[in-house]
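The values are calculated or read from the model by the stated rules, or taken from the named source; none is laboratory data. Remember, it's a predicted structure, so these values are computed and weren't measured experimentally. Don't worry about glycine lacking a Cβ; one is built from the backbone with ideal geometry, like all the others, and counts go over all protein chains shown. Ligands, DNA and RNA are stripped out before the accessible areas are found, and what is left, the full protein with its side chains, is counted by its heavy atoms. Shrake-Rupley method; radii C 1.70, N 1.55, O 1.52, S 1.80 Å.
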Amino acid sequence: DPFHTVFALLAGIKAKGILVDFHAEATSEKVALGYYLDGKVAAVVGTHTHVQTADARVLPKGTAYITDVGMTGPVDSVIGVKTEIILRRFLTEMPMPFEVADGQVRINAVVIEIRNGRAVAIERLEEFV
């Protein structure tokens with residue numbers, strides 16, 4: 001349970017500017033943890049879905065937040081994997097080895113400005129290479 005575990009983990013850390021990477025599926029759980037940690041950490045950055053969300057913001061008590069930072073990987077793919085492999089997996093319900101797709105790459109990221117252990121800005125980045 002991340003809500004009960006996070007404070008035990010944070011208790012042993014004396015650093016300022018703590019960033020929490022919350023690797024979870026449910027967006028509601030990520031949003032809730034962001035508010036739960038608002039003012040206690042500098043940032044809560046969600047990961048897992050590989051699709052960058054458009055909700056980057058600084059929460060009321062100074063925690064930068066985004067539900068999912070996105071991914072770095074091939075644009076024409078299913079979360080970086082060749083589309084035909086993923087379609088075959090879904091249609092046959094059989095496991096298949098993943099292969100990274102070819103082509104143009106998208107880089108998703110965020111830039112967070114932190115002062116005195118609190119966020120003052122968060123900006124989403126998306127570049128194509």
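Brief remarks on what is shown
- Diffusion constant of region 1-96 at 25 °C, which comes from Stokes-Einstein with the Kirkwood Cα-pair radius and 0.890 mPa s, µm²/s: 163 µm²/s
- Cα-based radius of gyration of region 9-51 once divided by 2.2 N^0.38 Å, which approximates compact folds: 1.19
- Taking each residue as 0.36 nm, the span from LEU9 to ALA54 lengthens on full extension beyond its C-alpha to C-alpha distance by 13.3 nm.
- Ligands, DNA and RNA left out, the accessible area of the chain computed with a 1.4 Å probe is 58% carbon and sulfur.
- Available extension along the chain between LYS40 and LEU91 is 13.9 nm, counting 0.36 nm per residue and deducting the alpha carbon span.
- A Förster radius of 35 Å combined with the Cβ-Cβ distance from THR83 to ALA32 puts the calculated FRET efficiency at roughly 0.60.
- Seen against the Cα atoms of the chain and their longest principal axis, helix 27-37 is set at about 20 degrees.
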